[in-house]
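Read the structure below first, then the notes.
Every number in this text was worked out from the coordinates using simple rules, so none of it is lab data. Since the structure is predicted, the reported quantities are computational estimates derived from the model, not experimental observations. With ideal geometry, Cβ positions are generated from the backbone for all residues, glycine too; neighbour counts draw on all protein chains shown.
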Amino acid sequence: MNVCFVIAYLLFAPLLGGLLDGTDRIISARMQRRKGPSILQPFYDLGKLFSKELIAVNNVQFLLNLSYLVILMIAGALLFFGADLLMTLFILSTADMFLIMAASSDSSPYANMGASREMLQMMAYEPLTLLIAVGFYLAEGSFQVSDIIDAPVSAILWMPGLFVGFMYTAAIKLRKSPFDLSTSHHAHQEMVKGITTEMSGPALAIMNIAEYYELVLLLGIFSLFFINSTWWSWIVAIIACGLVFFAETLWDNVSARVKWKSLLYSCWIVTLVAGGVNILILMLIK
Amino acid sequence: MNKVSKSPWLLHYDASSCNGCDIEVLDCLTPKYDIERFGIINTGDPFQADILLITGGVNSQTERVVKQLYSQMPEPKVVVAVGICACTGGIFKECYNIKGGIDTVIPVDVYVPGCAARPESIIDGVMKALKVLDEKQKAMKEDRR
Ligand code: SF4
């Protein structure tokens, strides 16, 4: 059963991620009173990128990009296998390190600046990510994903604060405005394309596929908050993921990019207030 | 599926335009014209661009930049000259610093006339460029065989 989940994740996560990205672009366009591209546009983009010439700026960048993809796949596979949540989160941050290395391996100042901003973003969201693992342990008594989804009541009842905090920091991971400092999905930013500046053709395509894996992985963590031992909680989880995704898109469209200090401080404050208080209450009542 | 014309990404560079044409290029992104419906993204990164859109004629300072941008774009790529300045030098042609149209430094595939070029004709020019792009991709594939 668990193996089926893993295989389904490895095969279909890029498809689901691509479709979600297409939906995101259409919803954004409609919010701006535009028609927007086709929902399959991300796949057209991938097809094109793979058919283009690869301008290799050095001989490690492509490899590092590939490692980013593979390590993300491992992190997601662990989550969908029902393994240790803490392990998944650690591997997730390791994957990000490879992206940072890929970006800082080239000589473009924009890519290097993107890499240092990406590092800063990690500093901003990492504390809360760890608190979430702790929260699940306090609420359900285990780090194992398979135990968490077998709990009698959904985890969201125990950790609403952590959920709100995770929604806040997920905008960083999804590269949504106002937190798209290191690279942006939208055209023209102050430092060209940030970390992806010197990635062309296939290298960028691999990075995009990795992002789709990451998107599905994050939605998987969101659904952990809702899934319990009953069957209908799965439906609730899927609906909740849809709502979370819509909320992130809406936030992306109504906010402007912030400075790095506001990013760091606001994330830490949210972590402290929403996450910290939630954990304290959990410790008292559990 | 992997037709490059299904997802052409634009790079826009102002070689020495009076800004008239640039505003018309940006116009194409607004809700009224919305070029994103063709899958077009206005990127700022030559490494990721398929179409180089240049406004204004080339002068002695921008010549280097135009060549650099062109050489940084991965194949297949096309160049669209927007506005009469980019096509021939236009009203600035006789100026001491102007070299002339874009085709004096890099090969141009599509010329969009007008002063300023209207958004409709820019979109038209880009659509023409897409056909050229597909042909170039085909030629590239045959070369590989
Ligand atoms: S064609 Fe006209 S509007 Fe365009 S750059 Fe030249 S002078 Fe300006």
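Observations
- For A:Gln144, the residues whose amide H sits under 5 Å from its own are A:Leu85, ignoring neighbours fewer than 5 places away on the same chain, with H placed 1.01 Å from N.
- Taking θ as phi - 60° and the Karplus parameters 6.51, -1.76 and 1.60, the scalar couplings of the range B:84-90 work out to 5, 4, 5, 6, 10, x, x Hz in sequence order, x denoting glycine and proline.
- In chain B, the DSSP-assigned H stretches of four residues or longer account for a calculated mean residue ellipticity at 222 nm of -11000 deg cm²/dmol, using -39500 (n - 2.57) per stretch and the full residue count as denominator.
- Shielding value for A:191-200 is 4, the average number of Cβ atoms from other chains within 10 Å of each residue's Cβ.
- Arranged from fewest to most other beta-carbon atoms within 10 Å of their beta carbon, B:Glu94, B:Glu63 become B:Glu94, B:Glu63.
- With 26 Å as the limit on Cα-Cα distance, the pairs of A:Lys48/A:Lys176; A:Lys48/A:Lys193; B:Lys32/B:Lys131; A:Lys35/B:Lys138; A:Lys193/A:Lys259 that go past it are A:Lys35/B:Lys138.
- Shielding of peptide B:46-53 by partners, expressed as the average count of other chain Cβ atoms within 10 Å per residue Cβ, is 4.
- Under the criterion of Cα pairs below 8 Å and six or more residues apart, the relative contact order for the range A:1-101 equals 29 percent.
- Amide H contacts under 5 Å for B:Lys99: B:Val58, B:Asn59, B:Ser60, restricted to partners 5 or more places along the chain or on a different chain, H placed in the peptide plane at 1.01 Å from N.
- q = 0.07, 0.09 Å⁻¹: log10 I(q)/I(0) that the Debye formula gives for chain A, counting C-alpha atoms only: -0.25, -0.42
- Cα centroid separation, the range A:1-73 to the range A:167-210 (Å): 12
- Partner shielding of A:34-43 amounts to 5, given as the average count of beta-carbon atoms from other chains within 10 Å of each residue beta-carbon.
- Taking every full run of DSSP H in chain A, the ones that stretch at least 27 Å from end to end by Cα along their long axis and average 0.0 or higher on the Kyte-Doolittle scale are A:2-31, A:61-81, A:85-104, A:109-140, A:201-224, A:232-254.
- Relative packing of A:104-110, B:26-32, which averages over residues the other C-beta atoms within 10 Å, highest first: A:104-110, B:26-32
- Extension gain for the segment A:Leu63 to A:Leu243, taken as residue separation times 0.36 nm less the Cα-Cα distance, is 61.2 nm to one decimal.
- A:Glu126, A:Glu53, A:Glu214 arranged by Cβ crowding within 10 Å, fewest neighbours leading: A:Glu53, A:Glu126, A:Glu214
- Label-point gap, in nm, between A:Ile269 and B:Glu120 - each point 7 angstrom along Cα→Cβ: 5.1
- Taking amide H atoms as placed 1.01 Å from N in the peptide plane, the amide H of B:Asp34 has no partner under 5 Å among residues 5 or more positions away or on other chains.
- A simple spin-label model places pseudo-atoms 7 Å from Cα toward Cβ; at A:Val258 and B:Met127 they are separated by 4.4 nm.
- At R0 = 22 Å, FRET efficiency that the Cβ-Cβ distance of A:Val70 and A:Asn2 yields, to 0.05: 0.60
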